[in-house]
Amino acid sequence: MTRFKLNTGAEIPAIGFGTWQDEGAQKDAVLEAIKAGYRHIDTARVYGTEKAVGDGIKESGIARNQIFVTTKLWNNKHHPDDVPKALDDSLRDLQMDYVDLFLMHYPVAAKRGDDPIPKENGKPVTEDIDYIDTYKAMEKLLNTGKVKAIGVSNFSKGQMDRLIKHVSVVPAVHQTEGHPWLQQHEFLKWHQTRGIHVTHYSPFGNLNQIYSANHLGKLIDEPVLIEVGKKYGKTGSQVCLAWAITMGISVLPKSKTPHRIRDNLEGDFKLSSEDMENIAKIDRKIRFNDSSEDMGMVFFDDLDGKGTKIP
Ligand SMILES: NC(=O)c1ccc[n+]([C@@H]2O[C@H](COP(=O)([O-])OP(=O)(O)OC[C@H]3O[C@@H](n4cnc5c(N)ncnc54)[C@H](OP(=O)(O)O)[C@@H]3O)[C@@H](O)[C@H]2O)c1
């Protein structure tokens with residue numbers, strides 16, 4: 001499998017296994033994924049799947065150091081005093097003594113406490129904690145050996161600029177939404193020139209049913225992707241993954257369906273520059289995952305997809 005080098009020197013497998021949603025199916029899905037050959041698994045405190053991920057990895061019998069595991073700090077644990085305990089809680093459920101990558105899930109702090117999405121009168125309750133201070137608390141975890149690398153997710157360009165000006169450790173990874181309908185080439189270049197690896201979530205665009213954008217048709221059925229795929233004996237979904245991998249981006253396909261779990265791993269190949277140019281033409285700049293209203297901060301304000309009305 002293709003692997004990319006992080007600014008820590010570690011390698012991240014290009015295809016990681018997503019574990020958001022379908023909590024009850026995740027232990028078997030993770031086990032199936034590892035059997036198929038995945039060696040990178042993405043979870044998060046808020047998904048409620050850390051225990052299932054840990055169980056799946058244990059049952060697989062594959063040595064811990066052969067699998068790249070990512071988890072994420074949730075918004076209600078942004079206070080610097082809460083960060084070490086939040087990591088310990090994740091590690092306990094994952095049943096491991098370190099994670100390969102610990103990400104700040106969002107740049108917004110929710111009210112401290114145990115409610116992951118605290119609301120009052122239907123409105124999200126935030127806390128005045130700067131994501132810079134949260135990140136500095138994450139930096140300290142590097143010395144404990146409990147995290148091998150740290151990074152962020154769902155930051156805007158302005159937030160990334162501000163972050164790297166004020167912290168000592170350049171994030172190893174920025175995990176963001178990305179797919180052929182939300183290509184963000186400029187933002188990718190911005191990361192690459194600063195040694196920050198980009199990981200794409202929702203690599204199949206609107207396939208996640210929570211995005212309720214079925215009327216657009218499926219990204220994986222785009223004629224260009226199907227035509228390109230024919231040249232390589234691959235499907236539209238596999239071309240979605242290869243498109244990102246060709247640019248040095250890692251991807252996190254999620255599936256609870258054994259044959260899809262296996263098929264998605266076959267998206268690890270490179271496309272020709274001609275094929276990449278053709279796919280560049282279908283960028284619709286549509287962002288499907290934007291929880292700004294739910295979380296009380298305007299996310300992605302300077303990025304593609306903000307303000308693009310889903311037709
Ligand atoms: N950092 C963040 O804020 C953030 C946000 C979103 C996601 N993520 C991460 O990224 C992962 C992936 O994103 P995602 O779950 O939104 O979307 P996704 O992987 O793009 O799509 C998942 C959906 O596509 C279906 N599917 C998977 N492979 C398929 C195939 N080959 N053909 C047809 N359908 C297929 C799955 O169905 P079945 O499961 O029923 O097979 C599921 O409904 C998440 O699981 C999570 O780990 C992170």
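Among the listed pairs 5/146; 5/218; 35/218, which are separated by more than 30 Å between their Cα atoms?
Working: 5/146 20 Å; 5/218 32 Å; 35/218 28 Å.
Result: 5/218 exceed 30 Å.
At residue 81 and residue 259, where each label point lies 7 Å from the Cα along Cα→Cβ, what is the point-to-point distance in nanometres?
5.5
Of 27/231; 27/148; 58/148, which pairs sit farther than 29 Å apart, going by alpha carbon to alpha carbon?
Values: 27/231 35 Å; 27/148 24 Å; 58/148 20 Å.
Listed pairs above 29 Å: 27/231.
Taking 7 Å along the Cα-to-C-beta vector as the label spot, tell me the residue 215-residue 189 distance in nanometres, rounded to one decimal.
The modelled label-to-label distance comes out at 3.6 nm.
What percentages make up the Cα-Cα pair-distance distribution of the range 1-106 when the bins are 10 Å wide from 0?
Binned Cα distances yield the sequence 15, 49, 31, 5.
Starting from the Cα of residue 114, step 7 Å along the direction of its Cβ; do the same at residue 130; then give the gap between the two resulting points in nm.
Distance between the two pseudo-spin positions: 3.2 nm.
Quantify how much of the Cα-Cα distance distribution of the range 3-295 extends past 25 Å, in percent.
Values: 19821 of 42778 pairs.
So the portion of pairs separated by more than 25 Å is 46 percent.
Largest first and to the nearest Å, give the Cα extent of the range 37-169 along each principal axis.
The principal-axis extents, from largest down, are 45, 36, 25 Å.
What's the Kirkwood radius of the range 169-235 in Å, using all Cα pairs? Before the final figure, lay out the partial values.
Working: mean 1/r = 0.0730 Å⁻¹.
By the Kirkwood definition, the hydrodynamic radius is 13.7 Å.
Read-outs throughout are calculated quantities, based only on the coordinates presented, and are distinct from any laboratory measurement. Owing to the predicted nature of the structure, the values given are computational and were not obtained by experimental measurement. Using ideal geometry, Cβ is built from the backbone for each residue, glycine included, and neighbour counts are taken over all protein chains shown.
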